[in-house]
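The values are calculated or read from the model by the stated rules, or taken from the named source; none is laboratory data. Keep in mind that this is a model prediction, so the values were computed, not measured. Counting neighbours? That spans all protein chains shown, and the Cβs are built from the backbone with ideal geometry, glycine included. Accessible surface areas use protein heavy atoms only, side chains included; no ligands, DNA or RNA. Shrake-Rupley method; radii C 1.70, N 1.55, O 1.52, S 1.80 Å.
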Amino acid sequence: MTEIGGFQDNVARIDLTDGEVNYEGIDEEDARKYIGARGLGVKYVFEKGADVDPLGPDNLLAFMNGPLSGTQVTMSGRIAICTKSPLTGTVTDSHHGGWSGARLKWAGFDGLLFEGQADEPVYAYIEDGEVELRDASHLWGKGVHETRDTIEEEVDGQYGKNLSIMAIGDGGENQVRYACIMNEDDRASGRGGTGCVAGSKNLKAVVIKSNTQMPQPADPETFKEGHQQAMQAITESDVTAPNEGGLSMYGTNVLMNITEEMDGHPTKNGEYTSSRSYNEAEHDGEEVLDAERISGENVRENILVDEPTCHSCPVACKKEVEVDVMHKGEEMNVRMESFEYESAWALGTNSLNDDRDKIAVMIDRCNDVGIDTIEVGNILAMAMDATEEGYLDDLEEGVEWGDAEEMIEMIERIANRDGELPDLLAEGQARFADAVDAHDCRLDVKGQAIAAYDPRCMKGMGIGYATSNRGACHLRGYTPAAEILGIPEKVDPYEHEGKGELTAEFQDLHAISDSFDICKFNAFAEGIEEYVSQYNGMTGFDVTEDELMETGERIYNLERYYNNLAGFDGDDDSLPEIFLEEGETPGQGASEGEFCELEEMKEEYYEHRGWVDGVVPDEKLEKLEIEIGPGTGVSAGDSGAAAPSDD
């Protein structure tokens, strides 16, 4: 039990097998060591054991907020969903913005822990510190949007006023391994297959009804000082300044033209480093494909209709668009949010598609069926590559490069596992590659597809993808902040030396913000100084900057420890061969001749982390006071990683 500021001291443990709900407090020592949200959520998942079946009843699905969630802290509308991933087999946490994280706090909870499997579909209804399981049979088979509308009427609530919903669509119901959990504003806990786990548990939705009841800081003066400092940093930043900064004006898609110009923009399933380089190599320079057509600037000028925001966020990076398109002879009108950089790249230039309006339709379909736009865009590009290379000749169908019409249809078919090829694609890149022997077409790490940053250009992203604890991910340690934006200081993107240490520092910092739970975009303006003052002010703690950074390190090492126990080590900290020298596909244009020097960076990274071939040695666990589990059985004096202990 705890009386720490920012906590409700209330976690619901819901056994879906027997329908029983129990309530427990937050252990104060755990709160100090793991903060909340991602950190505490991963600890809860760890306690269930690393050998659980991700789609079995013993896997935990944790919905967690943090001590800063739902407070006055800027960008504090986030929620973390933690589980063992059915896509990667690693621990995973996936976050989304909007209002559901804040509203869960206001409804009286720090977290919801779902265990077991319901016999029939259910949804969880949360109000006034209590959880009720309700029948969801009438919702099963409905898309996220229809589910949302049905529940809004059913519970007599109002979105934007007193109601939030997190739901799965067809993708989760059919256990697509990269299915999402979506909220009412089409914000996604997109990566790692959280929606797949919910579907395996017959959990259709989590519904929260609550008015605004923001927690008050334990130390108002310290909090006020830190909050004012943070707000000043945000409003003065070239990136986050409201109505002026690049993120505020164009959303995440402000990066489209930037990475294209750098030749750091994977194109045609990563074969090229920009659309321009693709045109020069395959079309004698003719502008067949143009990343600018799907850029944030183009979107703002032509199809932007609104700029919604999340709880306590003045930046408003979400860009809502409206398009009219012809699809299979019929006119479609689609209004959706949000035309994100990662989604536009994966469904766009990496698939040789620059049809802006049809990409909007694809994103909207992904949101409604509840599957990850990054993953589905990547696997469609992989299928296109495999089709061209002849790997799908034994199947009755393939996917042609840039065929937007077929991509729109395939999204829904994947979500419903409709046909042999869609069923294979629903399994993710690693399993699809195994099935059709197309491993040279993969762009994944540990089974999760890469994001829209080419490691032949941005070397920090290479070591970041490789060492991410949830599979390839740009958000575990966002080194493009330094490599592109110069935050906290500019580093040469093409230089690999120093990137191991830089990546580890970003990973630890982001583990902190994910555990608060606040948006990573605050890190474009704020730093550890602002974090400490707001955290101390809200909780009443008196931690130093070094102590808080060590907490981030502890969280990252706990995740790695879990993965070690699940069988992962340094051999799994890899990259797709196309990015490495042995792939014989160097960068082009501004990245001409570049490869990613992964092994050199891994050596530096492991030395900085104190790991042995990707394994956390027992001495490191002891130093960080990670006192759960059997240990890895590896010593810091070992020359190589031993197998994780079985006892």
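Yes or no: region 486-502 includes at least one residue that is in contact with a strand residue (DSSP E or B) (Cβ under 9 Å, 6 or more places away or on another chain), among the small types (Gly, Ala, Ser), open to solvent by less than 10 Å² (accessible area, probe 1.4 Å) and in a helix (DSSP H, G or I). No, there is no match, as no residue in region 486-502 is in contact with a strand residue (DSSP E or B) (Cβ under 9 Å, 6 or more places away or on another chain), among the small types (Gly, Ala, Ser), open to solvent by less than 10 Å² (accessible area, probe 1.4 Å) and in a helix (DSSP H, G or I). Are any of the residues in region 326-347 under 20 Å from Gly143 (Cβ atoms), in a loop (DSSP other than H, G, I, E, B), open to solvent by 50 Å² or more (accessible area, probe 1.4 Å) and of a type outside the set (Ser, Thr, Tyr)? Yes; the residues of region 326-347 include at least one that is under 20 Å from Gly143 (Cβ atoms), in a loop (DSSP other than H, G, I, E, B), open to solvent by 50 Å² or more (accessible area, probe 1.4 Å) and of a type outside the set (Ser, Thr, Tyr). A single entry from Thr74, Thr88 fulfils the requirement of being farther than 25 Å from Glu337 by Cβ and crowded, with 24+ Cβ neighbours inside 10 Å: Thr88. Does region 366-373 include one or more residues that are in contact (Cβ under 8 Å) with a residue 40 or more places away in the chain and open to solvent by 30 Å² or more (accessible area, probe 1.4 Å)? There is at least one residue in region 366-373 that is in contact (Cβ under 8 Å) with a residue 40 or more places away in the chain and open to solvent by 30 Å² or more (accessible area, probe 1.4 Å). The residues listed here are Leu304, Leu352; of these, the one that is open to solvent by 20 Å² or more (accessible area, probe 1.4 Å) and closer than 20 Å to Ile450 by Cβ is Leu352.
Applying the criterion of being outside any helix (DSSP H, G or I) and open to solvent by less than 10 Å² (accessible area, probe 1.4 Å) to the residues of region 410-443, the residue that is nearest to Asp571 (Cα to Cα) is Leu443.
Restricting Glu47, Glu29, Glu3 to residues that are under 23 Å from Pro630 (Cα atoms), charged (D, E, K, R) and free of Cβ contacts under 8 Å to residues at least 12 places away in the same chain narrows the list to Glu29.
Of the conditions (1) farther than 23 Å from His510 by Cβ; (2) among the small types (Gly, Ala, Ser); (3) in a helix (DSSP H, G or I), Gly552 clears all except one; give me its number. Unmet for Gly552, out of (1) farther than 23 Å from His510 by Cβ; (2) among the small types (Gly, Ala, Ser); (3) in a helix (DSSP H, G or I): (1). Do you know which residues across region 456-484 are assigned to a loop (DSSP other than H, G, I, E, B) and of a type outside the set (Lys, Arg)? Hits for region 456-484 are Cys457, Met458, Ser468, Ala472, Cys473, His474, Leu475, Gly477, Tyr478, Thr479, Ile484.
The residues of region 199-231 that are among the small types (Gly, Ala, Ser) and either open to solvent by less than 10 Å² (accessible area, probe 1.4 Å) or in a loop (DSSP other than H, G, I, E, B) (or both), listed by number, are Gly199, Ala205, Ser210, Ala218, Gly226, Ala230. Just one of the listed residues (Gly171, Gly66) is closer than 28 Å to Ala449 by Cβ and part of a loop (DSSP other than H, G, I, E, B), namely Gly66.
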